[in-house]
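Notes to accompany the following structure.
Every number here is computed from the coordinates shown, using simple stated rules; none is lab data. Everything numeric here is computed off the predicted structure, so don't read it as measured data. Ideal geometry is used to build each Cβ from the backbone, glycine not excepted, and the neighbour counts take in all protein chains shown.
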There are 4 protein chains.
Amino acid sequence: MSHEQFKQCIEECLRCMVACNHCYTACLEEEDVAMMKECIRLDRQCADICGFAAQAMSTNSMYAREICRICAEVCEACGNECKKHDMKHCQECAEACLRCAKVCREMAA
Amino acid sequence: MSHEQFKQCIEECLRCMVACNHCYTACLEEEDVAMMKECIRLDRQCADICGFAAQAMSTNSMYAREICRICAEVCEACGNECKKHDMKHCQECAEACLRCAKVCREMAA
Amino acid sequence: MSHEQFKQCIEECLRCMVACNHCYTACLEEEDVAMMKECIRLDRQCADICGFAAQAMSTNSMYAREICRICAEVCEACGNECKKHDMKHCQECAEACLRCAKVCREMAA
Amino acid sequence: MSHEQFKQCIEECLRCMVACNHCYTACLEEEDVAMMKECIRLDRQCADICGFAAQAMSTNSMYAREICRICAEVCEACGNECKKHDMKHCQECAEACLRCAKVCREMAA
């Protein structure tokens with residue numbers, strides 16, 4: 001794995017973490033919050049593992065790649081849920097998640 | 001601050017973090033999730049700062065006391081919100097929050 | 001996995017996190033810090049994943065078990081390193097790590 | 001505080017977190033690790049609070065500004081320590097810390 005790919009993966013994870021946290025906050029403020037339940041749940045899980053993946057990579061942890069593999073799965077699940085909702089915060093989050101999933105999958109390979 | 005008070009504060013913060021995370025998860029599964037919005041929001045904020053306070057104290061960080069002072073305020077806000085709801089997870093969380101608030105306030109003093 | 005096993009695993013992870021953070025802080029204050037390098041490195045990695053595992057379990061995350069599986073490996077590596085050093089903080093940390101490794105391995109199974 | 005300033009502060013905190021984690025890892029691999037003790041200690045404390053500040057801001061937490069105020073102090077302490085060492089990782093970290101301190105101070109004001 002080149003230094004450049006490593007750096008890019010940290011950046012995508014952090015971007016995805018921020019997008020998930022924004023989407024989470026916005027979902028909780030939606031009028032029909034019940035409809036956003038699954039999105040809220042996955043946004044937090046995804047933000048948490050993205051943040052942890054960035055931490056693991058930037059401290060050069062022995063488990064960085066394994067975390068990236070799990071992170072890719074969570075990002076995909078979160079991205080697919082967000083895609084179902086028309087709101088701008090969900091669409092932007094879906095995009096960040098699916099990009100991050102791709103980069104994490106390559107990192108884990 | 002004695003070693004015993006320090007140890008106790010870490011334990012209360014971690015207990016409160018777990019209670020807030022349990023309450024958060026349970027609130028998201030309540031039928032009337034809209035009614036639990038504020039509880040969900042504060043549970044996560046409180047869990048996050050409690051975890052961070054425990055981290056700061058156990059690594060003997062220069063900012064441990066200041067984090068405890070903020071943590072006490074968040075625990076109080078979260079405990080007061082949880083107290084309004086009859087569910088067992090909210091009542092248990094309220095109790096953990098208000099105990100943690102007290103211990104953090106003493107630590108920060 | 002019973003509720004009791006789940007609860008116990010969260011508690012062991014948090015106990016191990018605190019032990020690793022204490023050991024880390026103490027190692028950095030040892031006179032021969034060069035000798036403690038690997039211990040410092042693993043203490044932080046282990047504390048980080050233990051904290052994350054507790055977070056994942058207490059929020060009932062989709063990836064909680066997978067994190068516990070990785071956590072077990074890191075705890076074992078950290079425990080084995082700590083065992084090599086005679087200091088009380090290392091011996092206590094080794095014990096916490098090896099207990100946590102066992103419980104996490106059962107959780108992941 | 002404009003949305004743009006908010007976004008910029010999150011980015012500076014995450015950049016600083018990554019720089020501190022890189023510097024931390026590199027310091028532990030320096031031949032004279034004893035000389036880097038204070039840098040290692042502050043790098044971790046700074047990375048931890050920068051990550052937490054980004055989390056607090058991106059979840060729109062009630063305590064985001066107060067964390068930024070503390071974060072500014074820690075970044076300044078870490079940046080001043082890093083400045084003393086000639087290594088590239090320390091110089092780059094110092095720069096990231098002092099920039100982050102400035103932005104966090106404005107956010108907290």
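The angle separating the long axis of helix D:88-108 from the principal Cα axis of greatest extent in chain D is about 20 degrees.
Write out the GluC sites (Glu not before Pro) in the stretch C:1-32 meeting two conditions: DSSP loop, and at most 11 other Cβ atoms within 10 Å of their Cβ. Answer in residue order: C:Glu31. Of all beta-carbon atoms in chain A, the one sitting closest to the axis that brings chain A onto chain C gives A:Phe52, 3, with the distance in whole angstrom. Can you list the aspartates and glutamates whose alpha carbon sits under 20 Å from that of D:Lys88, skipping same-chain ones fewer than 8 residues off? Those aspartates and glutamates meeting the cut-off are A:Glu4, D:Glu12, D:Glu29, D:Glu30, D:Glu31, D:Asp32, D:Glu38, D:Asp43, D:Glu76. For the protein assembly as shown, the spherically averaged projection of the C-alpha convex hull amounts to 19.4 nm².
For the listed residue pairs B:Lys102/C:Lys7; C:Lys37/C:Lys84; B:Lys7/B:Lys102; B:Lys37/B:Lys83; A:Lys7/A:Lys102, the alpha carbons are over 20 angstrom apart in B:Lys102/C:Lys7. Which whole number in µm²/s is D for chain A by Stokes-Einstein, with the Kirkwood Rh taken over Cα pairs at 37 °C and 0.692 mPa s? Using the Kirkwood radius from Cα pairs, D works out to 245 µm²/s. Note on the stretch A:6-45 and the stretch C:73-109: Cα centroid distance 34 Å, given to the nearest whole angstrom. Taking every C-alpha pair closer than 8 Å and separated by at least 6 residues, the mean separation divided by the residue count of the stretch B:3-108 gives a relative contact order of 34 percent.
Helix A:64-83 against the longest principal axis of chain A: what's the angle in degrees, Cα atoms only, rounded to the nearest 10? For helix A:64-83, the angle is close to 20 degrees.
Annotation note: trypsin sites (Lys or Arg not before Pro) in the stretch A:22-98 located in DSSP loop regions with a Cβ neighbour count of at most 16 within 10 Å are A:Lys84. Ascending distances from the C:Lys7 label point to its copies in the other chains, with the point 7 Å along the Cα-to-beta-carbon line: 2.3, 4.7, 5.0 nm.
Look at C:Arg99, C:Arg15 and count the other Cβ atoms within 10 Å of each Cβ; fewest to most, that gives C:Arg99, C:Arg15. Shielding of peptide C:50-58 by partners, expressed as the average count of other chain Cβ atoms within 10 Å per residue Cβ, is 6.
Which angle from 0 to 90°, rounded to the nearest 10, does the C-alpha axis of helix B:3-28 make with the longest principal axis of chain B? Relative to chain B, helix B:3-28 is tipped by roughly 20 degrees.
Distances from C:Met87 to itself in the other copies, using label points 7 Å out along the Cα-Cβ axis, amount to 1.9, 4.5, 4.9 nm in increasing order.
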